[in-house]
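Report on one structure; see the data block that follows.
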Amino acid sequence: MDLIRNKPLDEALAILQYTPKAACEPLLKLVKSAAANAENNFNMDKNNLYVAECYVCPGPTLKRMMPRDHGRSYRILKRTSHMTVVLKEKE
C-alpha cells in the first residue's frame with residue numbers, strides 16, 4: 001500500500017503489475033475497479049486520477065479447530081482483511 005499512496009493512477013498500476021508480492025494481484029484488481037467506478041459513476045477523467053488514500057483494516061476472523069494428539073485440538077485463526085482505495089482527481 002505504501003508503494004502506491006499519492007501516486008498517479010498509471011504509475012500505481014505499473015508499480016503493482018511489476019512488484020513480485022502476493023498482495024499485489026488483489027490490490028491491482030481493486031485499483032482497476034476503483035478507476036472504472038470513478039470513470040463511469042462519477043464522470044472523472046481517468047488521466048487526472050491519483051491514489052489519495054489506501055489502507056487495510058482487519059476483517060472478521062474465522063475460527064477453526066485442528067485435531068492434535070491425545071484427543072486435543074488447537075485453534076486456527078483464518079484472518080481476513082478489508083482493503084480500501086480512494087481515488088481523487090487532480091485539480
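The values are calculated or read from the model by the stated rules, or taken from the named source; none is laboratory data. What you see is a predicted model; the values in this text were computed from it and never measured. Cβ sites come from the backbone with ideal geometry, for glycine too, and all protein chains shown count toward neighbours. All accessible areas refer to the heavy atoms of the entire protein, side chains included, with ligands and DNA or RNA removed. Shrake-Rupley method; radii C 1.70, N 1.55, O 1.52, S 1.80 Å.
Numbers at a glance
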quantity	calculated
Test: Tyr55 is open to solvent by less than 80 Å² (accessible area, probe 1.4 Å), within 17 Å of Lys88 (Cα to Cα) and of a type in the set (Ser, Thr, Tyr)	no
The lone exception for Leu77 - which of (1) among the aliphatic types (A, V, I, L, M); (2) open to solvent by 60 Å² or more (accessible area, probe 1.4 Å); (3) in a helix (DSSP H, G or I) it fails	(3)
Flag for Arg64 being open to solvent by 90 Å² or more (accessible area, probe 1.4 Å) and either touching a Phe, Trp or Tyr at 6+ places or on another chain (Cβ under 8 Å) or of a type outside the set (Ser, Thr, Tyr) (or both)	yes
Test: residue in the range 9-30 that is within 19 Å of Glu91 (Cα to Cα) and open to solvent by 80 Å² or more (accessible area, probe 1.4 Å)	yes
Subset of the range 31-51 that is among the small types (Gly, Ala, Ser), surrounded by 13 or more Cβ atoms within 10 Å (Cβ to Cβ) and under 15 Å from the mean Cα position of the chain (by Cα) - its residue that is farthest from Glu89 (Cα to Cα)	Ala34
First in the range 35-57 and under 15 Å from Leu13 (Cβ atoms), second anywhere and surrounded by 13 or more Cβ atoms within 10 Å (Cβ to Cβ) and among the small types (Gly, Ala, Ser), Cβ under 7 Å, 6 or more apart	Lys46/Ala35; Leu49/Ala35; Leu49/Ala38; Val51/Ala12
